[in-house]
Every structure is written in structure tokens, then in C-alpha cells.
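K.L.:
Here's a structure for you.
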Amino acid sequence: MNDALQFLWPSFLVAVVLVGIHAYFGIQVLARKVIFVDLALAQIAALGATVAFMLGHPAQSIATYGYSLTFTLLAAVLLAFTRAWGTRVPQEALIGVIYVVAAAMAILLIDRAPQGAEHLKQILTGNIITSGLNELAVIVPLYAAVGLLHWLLRRHMTGMGSLVWEFLFYATFGIVVTSSVAIAGVLLVFSFLIIPAAIGVMFGELLSRQLAIGWIVGTFVSAAGLAASFAFDLPTGAAMVCAFGVSLALAGMLYPFLRDNRRWAMRSAISTARWIGAAILAGSALQLAAAPRADQPLIDMAEYAIPSLRALYFTRAEATTFADASEHAERYRREAEQLNEMERRNRTQGQALDDFSVARISSFMKSYGEMRKGEQFVMGEVRARARERVRWGASFGLLALSVLVAPVRWRRHQSTDKTNKQLPR
């Protein structure tokens, strides 16, 4: 646990700083209704980094940062003028065009590069897990200066403003985005910008409360994403983006209970859950009737949770065959894992095996894998034949269950309609 904290702590501090500045800009972006301006500026910054990459500059060099910042400031000039175009063409459409063109130009540039795919992945997802005190020493003074400037000029920045104020907003925003993309990547920077701000605006009225909510949510979600990426060995940027997405979904589901009619929200949630359950049951029934030998996700999950359910449609011979195949498959899996663990232990302890031993272990593992696949094939065939035999009865049973799960109000409407049809006119 201590090792994990020591490893993740610098990255967490960087994430907190990024949340702090981007939550503020996110609230401003939502107020201006230019939601995707961050993606556009981030992609412009990525285009500048791609140009520097093609010219031979290292990814984290000052020259690369200079190219990104120059491209971003040029885009800021263009975005400052798009406010005037908004009377004829929505500014969001023009921002989308900027993003698409910048992305296409970046792809054209790296198409022939030997490491182009890796460079594109780095731009999109970044590598926040490797960031630390060196990055903090750069971004903290920079973001503090930008925040101070916006605090001094906040009255001008929140209004429509003149062309100068528009350029100042987009220029400072571009500086922040350029610095952030180099650390966290395009996708994570967009998540830092929009999701904490959206949750803050959802539950707060005043700017101070919106910022507080956004900062608290962003901090906890960043910690959760980093912890999940470490625990499950996942790409850090992608894991944090998914964590932010889950947080927004949870906030959206909680909003009716916290800020709206709670009784109506509860009824709606229960009704929606029952409709979803009824639809899943009906879909599973139709799938079982049409293709009984195909995979049945709902039935498979139910049998995985409660294996005794197979006794409802397995004969005694089928149950015995399935149990024997399952036991053998599990034994082959354990044998393969033991060999793999032995090879890993010898390698990490400095007692590397000779080529003959490695080849022998590889051959055994391959054999165990093939035998396990054979047993799994037997299990699948037994299960498919049993389901094919009971397809119609089980399908009708699932359909009847879906009708029972559906909301009572819908069933009452159905019965009322039938009664009205039977009455004489």
C-alpha cells in the first residue's frame, strides 16, 4: 500500500492542479456554449507537437512546446473572430471544423513516420503516470498566473466583451491547454475541463459553489482513476477518462433525487429498471428460440452465479459429462498457471532456465491450453444440446417473466384496452 501511494502521489498532485485550472475554464466554456473549444485547441496544440516531431524535435522539448503554443495562439486569434460570425453560423460548428481539420492534418503528417502510431497514441492519452515534481514546478506558476489574470479581469471575461477580451480568453485558455496536453493528452484534458465543471454547474448556482463542487469531484475521481489503473494494470489516461465518465453518469442519476421531485424520480427509476429488465428477458427469450446453440449472455450469467440452475434442464448424463469436463478444464488451467509461475519465479530471482527447459515448459503449456479448449468445447456442446431441447418451453417462460417484470401500469392499460374492445358498441 505504501509503495502504491509513493508511486501515485506525484501524478495525483499533477491531476489536482489540472483539475483546479480546467474546472474554472470548463465553467466559462459552458457559459459561452462552446463546449468543444477545448478539443479544438488541444488538437491544434497536438498538431504543433506533430510538426515538431516530424522536424526531429523530442516530444518533451522546449522546441515542441513552442510549436504547440504558436499554433494554439494562432487558433486563438481565429476563435476570437468566430464570435462575430456566430450571428450567421453557430460558433460551435466552426470550432468543430477547426478540430476536424487539425486532426486530419496531424494524420497526414504522421502517416509516413516510422513511429507515427505511437506518437498519435501519446497525443490522445498522454502519460500522466510519469509526471511529477518537475512538471509541477512548471505548471503551478503558469496556471497561478493565468488564474490571477482572470480573477483581475473576471468582469470582462464573463461578458461578451470586445475582440481584445475574446483573444485574451482564448489565448490564456490555449496556453493552459498546450501545457496540459503535453502531460495528460487530448482526451484526459477534455475530461478535466468539461466533466467536473458540468457536475459543478448541475448542483451549484454561484460560481464559488460550482468551483468547489468541480474541484472536489475532480480530485476524488482522479484519485479513483489512478488507483484503478494501478490496481488492474490499465492505461492510466484511459482509466481516468472512464472514471470521469462514470462520475458524470452517477451525477446525472442522482440529480433528480437531490434537486428535483424525489418521489417522482424514484418511481421513474423503478419503472425504467423494470422496463429494461423486461426488455432483456424478452430479448433473451427470442434469442433462445431463434438460436439455442448460440451464446446466451443472460442465461450464462445466471448459471455462472447459480450453477444449480443447469439442473433444471440437464439430464443426469449431461450433468455428469458437464461436471467431468469442467473439472478437467480447471485442472489443466491450474497446471498451466503453476508452470507459468515457476518460469516467472526463476526469471525474477536471477535463476534463468536454459533453452531446453523453457522449450519444455512452453510445450507443456501449449498442450494444457489445447486440452482445456477441448474440455470447454465439450461443455459448450452439452449445454447447447440441452438448451436446444428445451428452447420453446424456456423461451415462453422467459417471455411470461418479462410480462410480469414490466410495470404494472402498462399491464393495466393492456387489460383496459382488451376490456374496451369486448364491450358492445
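Quick note: the coordinates plus some simple rules give every number you see, no bench work behind them. Note that the coordinates shown come from a computational prediction; the quantities given were computed from them, not determined experimentally. Cβ sites come from the backbone with ideal geometry, for glycine too, and all protein chains shown count toward neighbours.
K.L.:
Equivalent ellipsoid semi-axes for the range 271-408, as square roots of 5 times the alpha carbon gyration tensor eigenvalues: give them largest first, rounded to whole Å.
P.N.:
Values: eigenvalues 356, 67, 25 Å².
Ellipsoid half-lengths, sorted descending, are 42, 18, 11 Å.
K.L.:
I'd like the FRET efficiency for ILE62 and MET105, computed as 1/(1 + (r/R0)^6) with the beta carbon distance as r and R0 of 25 Å, rounded to 0.05.
P.N.:
The pair ILE62/MET105 has a calculated efficiency of 0.65.
K.L.:
Can you grab the distance from the C-alpha centre of the range 306-340 to the C-alpha centre of the range 222-243, Å, no decimals?
P.N.:
Centre-to-centre (Cα) distance: 35 Å.
K.L.:
In whole Hz, what ³J(HN,Hα) sequence does the range 384-401 give by Karplus (6.51, -1.76, 1.60; θ = phi - 60°), x for Gly and Pro?
P.N.:
Once rounded to whole Hz, the list reads 5, 5, 5, 5, 5, 6, 10, 4, 6, x, 5, 5, 5, x, 5, 5, 5, 5.
K.L.:
Another one. Please compute P(r) over all alpha-carbon pairs of the range 313-390, binned at 5 Å starting from zero, and give each bin as a whole-number percent.
P.N.:
All Cα pairs, binned at 5 Å, distribute as 3, 15, 19, 16, 12, 9, 9, 7, 5, 4, 1, 0 percent.
K.L.:
Provide the packing ranking of 239-249, 37-47, i.e. peptides ordered by the mean count of other C-beta atoms within 10 Å per residue, highest first.
P.N.:
Descending mean neighbour count gives 37-47, 239-249.
K.L.:
Tell me, in nm to one decimal, what length is gained between LYS366 and ARG262 on full extension, where the rule is 0.36 nm per residue of separation less the Cα-Cα distance?
P.N.:
Working: separation 104, 0.36 × 104 = 37.44 nm, distance 5.75 nm.
Gain on extension, LYS366 to ARG262, equals 31.7 nm.
K.L.:
So for each of 371-381, 168-178 I average, over its residues, the number of other beta carbons within 10 Å; can you give me the resulting order with the highest mean first?
P.N.:
On the way: 371-381: 15.5, 168-178: 23.8.
Ranked from most to least packed, the peptides come out as 168-178, 371-381.
K.L.:
Hey, another quick one. Can you put SER271, SER308 in order, fewest other beta carbons within 10 Å first? Show your work: numbers first, answer last.
P.N.:
Working: SER271 15, SER308 7.
Fewest-to-most Cβ neighbours within 10 Å comes out as SER308, SER271.
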